[in-house]
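Undergrad: Structure below; questions to follow.
Any read-out appearing in this document is the output of simple, stated calculations on the displayed coordinates, not a laboratory observation. Predicted, not measured: the structure shown is a model, and the values here were computed from it. Positions of Cβ are generated from backbone atoms using ideal geometry, with glycine treated the same way; all protein chains shown enter the neighbour counts.
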Amino acid sequence: MIELHAVTKNYGSKVAVQDLNLTIAAGELFAFLGPNGAGKTTTIKLMCGLLFPTSGTVRVGGYDLQREGDQARQLISYVPDQPYLYEKLTGREFLQFIADMYGLDPQKGRERAEAMIQLFELDDFVDDLTERYSHGMRQRTVFAGALLHDPRVLIVDEPTVGLDPRSVRLLKNLLRSEANRGMTVFLSTHSLDIAQELADRIGIVDHGRLISCGTLEALRSQASMVGSLEDVFLKLTSEPSANGKLKTDH
Amino acid sequence: MKLLESSPSITQTGSIRVNQPLLFQRLRWRLLRNSVVTGLQNSPMRLITILLCSALVWGGVYGASVWGFHDLQRQHIPFAGGIVGTLFDLLFLALSIMLIFSTGIILYSSLFSSTETTFLLSLPAAADQIFAYKYQGALMFSSWAFMLLGSPIMIAYGLVFGVPWYFYAILPLYILGFVLLPGSLGAILCLLIVNYVPRKRKQALALLCVMVVGVGLIWTYQIVRSAHAALVNSDALQELFGQLTIAQKPLVPSHWMSRGLEAAARGDLGGAMYSLTLVWANGLFLYVLAAWASMRLYRRGFNRLAEGSDLRRRYGGLWLDRLVSGLVPFAHAQTRLLVIKDFRTFRRDPAQWGQVLIFAGLLAFYGANTRRFYNEDIISRVRQSGVSLLNLTATAFLLCAYTGRFIYPMLSLEGRKFWILGLLPLRRERLLWGKFAFSATGACITAVFLVVFSDTLLGMSIQVVCLHALTVIILAVGLSGLSVGLGACMPNFRESDPSKIAVGFGGTVNLVIGLLFLLLVIGSMDVPYHFYAVATPENDTRLTGWWLAAGVCAGIGLGIAAATIPLRLGARALRRMEF
């Protein structure tokens, strides 16, 4: 579903992402981890078509993001770490805008919006202007918008920031069940416990290179240790990868 | 395998073809409707004040225009062609240049550095549709001044010269069609600069502005030189009209506008419609060209802008920072740090300093236009005094516009990060003092230089030069205090665009109070002297009389009040502010 082939992205003289090869299958929940400034957000922006690779190709659902971006984005929903809402729209109007943008017919759009309102428990405030929302309310509304059109690929950057424990639990269950239904979920996070709990595979990126990718067991094996994901992550990111070579279980 | 072609869930479950232009229009309409409804519910006075202020400005321009056109009529100057036609050509050419830059700068901010467009670009929205949505917003925003200032001039022209009814009917069509031309050109320039000079875009924009101002200055200088000679012989008069032919070339769009409006005024409906068609056809063509360019260049430009510079670019201290710090040696060390912070924020934002360049360009045009008339051989003492007062008033208006546009939004621009400053170990009032020192120092230096320079060229007496310098110092300090104080009283932390903060409710109130303040100060300190100088037989330029002293004292009192009262109110609001 998501294919990154030999992707490199430079910002001036700085290499943000270097020779990244990654394939994520449909229905897989992939957690993307890395220290600050490792290249996670750049990779996400490449997958959404917001940025183009300096070299290499990014494909989603078979579409090259650079040449067929509009078709690829029809399959994608992206929830950034600081999501955007129109302050002068109500939550319901925002959901309707999303439904219209993805071409849902009006009746289906209304039904899906109502389902999302129920799912994310937005009833109490969905008809207020979003300028009055708290961070958690904004985050829930954005997730409702992201899932409204039943995307094939959900790309999420730091999903749990600002959410209360109940909403975090709801979101975790939702991400897992959507992946089980066939949605590809790409999750970038610093919450290692969430990655450990939810992910089918985990990728660790450092200094723009994917230094490790696989199941938790594979990562443990690469780190030559038995422990939590936190221990494995700290060990892998504290030592330079041998010749920059990626160790993966394929 | 491509999913849209193969997947039933996407192609068959209720998906329809999206009419994106309609969708974006609906979005704009909803945003506008909700803004108006909440504005009326929460603070109807805001909307009423904005409308009243706009009506005030419109009425002022209309009154001045009626007076000016009556004067032309008294001198038996024909209302179409000749001098009036030349004036219209110059007016529309100057407005075109301003619209090119203002639309380009606003589009740069809204297309490439706003969170909204990042959101829209992550949706399956076509690049040209996002461009069109933002372009229309930028055009409305940059051309409202044109509507507000252009329509009263043209209506006054029509009423004074008794033009046919259809002149008024096609006037809005002319204005709407005309803004498309420079607006689209500005948009194309913006896309080209971002795409092809990403690493040096600041320098490219500055170079472009300098080139335009330079060419304008040379041209204006030649015009004024010819105007000087034209007072002596008729050959030179011909030369003067020759110099203005750039604005009157048949291929210059601003000329279509003035020619069409003149035709409508004469009763030549066919000629008026021909020019209107030219304006609209070319405006729409340029718009389509801009939209076509955006299809190819917008996403590419967004990407190039992101990769155009190093992720971790080093921003060191610049000599300019040290200079600015040196200009406020009287301020507390913490205040100086805040001044440098504000200055760095300002100079690293191309949208901000780009508009300062436009201000500088306007000033240069004004200076070049009036410079030659400073010669005492050309103008009488009466006019010399009048020109001197006019220069002072123009400088005061520029100060008011500068503080309203750049200083008033400064506190609001701290935005949601304001808590960082709020938690710093410094008294919150110091934030205001920092911005006040930054504004007042820069405004004082610039304004004093301008009036002393122009008065010296005019040959005004040293007393008058000192009086004018004192006036602009009072204005600079008072307007800075007003803008900083009211900016703290009515902050808008939700808005990140300083232009929008400046034209919001608080910005409008600030502008109106600032205008009243400058009229009162000039009215009490300077107008009495200039009337006295004109009325006395020998044009007595001495500063005498108790009434003059009283006017100066009143001006100083007004200045102190304008600086201290808003700052006190602002400081109180800041102390009570919760994060």
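Undergrad: What's the exposure ranking of B:403, B:395, going from fewest to most Cβ atoms within 10 Å?
TA: Working: B:403 28, B:395 25.
Least crowded to most crowded, the residues run B:395, B:403.
Undergrad: Which distance in nm do the two modelled labels at residue B:33 and residue B:452 give, with both placed 7 Å along the Cα-to-Cβ direction?
TA: 5.9
Undergrad: Whole Å is fine, so just give me how far the alpha carbon centre of the stretch B:272-288 lies from that of the stretch A:36-58.
TA: If you average the Cα positions of each part, the centres end up 42 Å apart.
Undergrad: With each pseudo-label sitting 7 Å past Cα toward Cβ, what's the residue B:531-residue B:55 distance in nm, one decimal?
TA: 2.9
Undergrad: Once you've got the Cα coordinates, tell me which of A:88/B:341; A:88/A:172; A:9/A:235; B:134/B:500; A:88/B:500; A:40/A:88 are over 21 Å apart.
TA: Values: A:88/B:341 31 Å; A:88/A:172 30 Å; A:9/A:235 26 Å; B:134/B:500 14 Å; A:88/B:500 15 Å; A:40/A:88 31 Å.
From the list (A:88/B:341; A:88/A:172; A:9/A:235; B:134/B:500; A:88/B:500; A:40/A:88), the Cα-Cα distance tops 21 Å for A:88/B:341; A:88/A:172; A:9/A:235; A:40/A:88.
Undergrad: What is the order of A:207, B:70, A:149, fewest Cβ neighbours within 10 Å to most? Mind dumping the intermediate values first?
TA: On the way: A:207 18, B:70 13, A:149 24.
Going from least to most buried by this count: B:70, A:207, A:149.
Undergrad: Give me, ordered by chain and number, the residues 5 or more places off residue A:206 or on other chains with an amide H under 5 Å from its own placed amide H.
TA: A:211
Undergrad: Mind checking B:115-126 for the average number of partner chain beta-carbons within 10 Å of each residue's beta-carbon? Don't skip to the end; give the middle numbers.
TA: Details: counts 5, 3, 1, 7, 7, 2, 8, 13, 12, 13, 3, 2.
Mean inter-chain Cβ contacts per residue within 10 Å come to 6.
Undergrad: With each label point set 7 Å from Cα along the Cα-Cβ vector, what nm distance links residue B:292 and residue B:318?
TA: Label at residue B:292, label at residue B:318, 3.8 nm between them.
Undergrad: Here is a further query. Using 15 Å as the cut-off for backbone N distance, which residues of the stretch B:482-526 belong to the label zone defined by a point 7 Å from the Cα of residue B:561 along Cα→Cβ?
TA: B:482, B:513-525
Undergrad: Compute the acute angle (0 to 90°) between the alpha-carbon long axis of helix A:106-119 and the principal axis of greatest extent of the alpha-carbon atoms of chain A; round to the nearest 10°.
TA: Compared with the principal axis, the helix lies near 70 degrees.
Undergrad: To continue, here is another question. Hey, what number do you get for chain A at 222 nm if only DSSP H runs of n ≥ 4 count, each worth -39500 (n - 2.57), divided across all residues, to the nearest 500? Could the numbers behind the result be given before it?
TA: Working: 9 runs with 97 residues, N = 250.
Dividing the helical sum by the residues of chain A leaves -11500 deg cm²/dmol.
Undergrad: Using the Cα centre as the reference, give the magnitude of the dipole from point charges on the C-beta atoms of the stretch B:389-538 (Lys, Arg: +1; Asp, Glu: -1; all else neutral), rounded to the nearest 20 debye. Intermediate values should be presented prior to the final figure.
TA: On the way: 9 positive and 7 negative charges, 162 e Å.
It comes to approximately 780 debye.
Undergrad: Next question. Any idea what the dipole of the stretch A:2-248 comes to, in debye rounded to 20, about its Cα centre with Lys/Arg Cβ at +1 and Asp/Glu Cβ at -1?
TA: About 680 debye.
Undergrad: How many percent of all Cα-Cα pairs in chain A sit more than 25 Å apart?
TA: Tail fraction, whole percent: 44.
Undergrad: Enter the mean number of other protein chain beta carbons within 10 Å of the beta carbon of each residue in A:97-107, as an integer. Present the calculation step by step, with values, prior to reporting the outcome.
TA: Details: counts 6, 1, 1, 8, 9, 6, 10, 5, 4, 2, 1.
Per-residue shielding by partner chains comes out at 5.
Undergrad: Measuring from the lowest to the highest alpha carbon on each principal axis, how far does the stretch B:48-180 reach, largest first, in angstroms?
TA: 62, 35, 25
Undergrad: What does the highest-first list of A:124-135, B:166-177 look like by mean Cβ count within 10 Å? All intermediate terms of the calculation are to be shown ahead of the outcome.
TA: Values: A:124-135: 15.3, B:166-177: 17.3.
Most protected by this proxy first, the peptides run B:166-177, A:124-135.
Undergrad: Over the whole of A:188-196, what's the average partner chain Cβ count within 10 Å per residue? Rounded to a whole number, please. Before the final figure, lay out each step's value.
TA: Values: counts 0, 0, 0, 0, 0, 0, 0, 0, 0.
Across the residues of A:188-196, the mean count of other-chain Cβ atoms within 10 Å is 0.
Undergrad: Sticking with this structure for a sec: Based on the Cα coordinates of the stretch A:107-150, what is the per residue volume of their convex hull in Å³? Mind showing how you got there, number by number?
TA: Working: hull volume 2.9 nm³, N = 44.
Roughly 67 Å³ of hull volume per residue.
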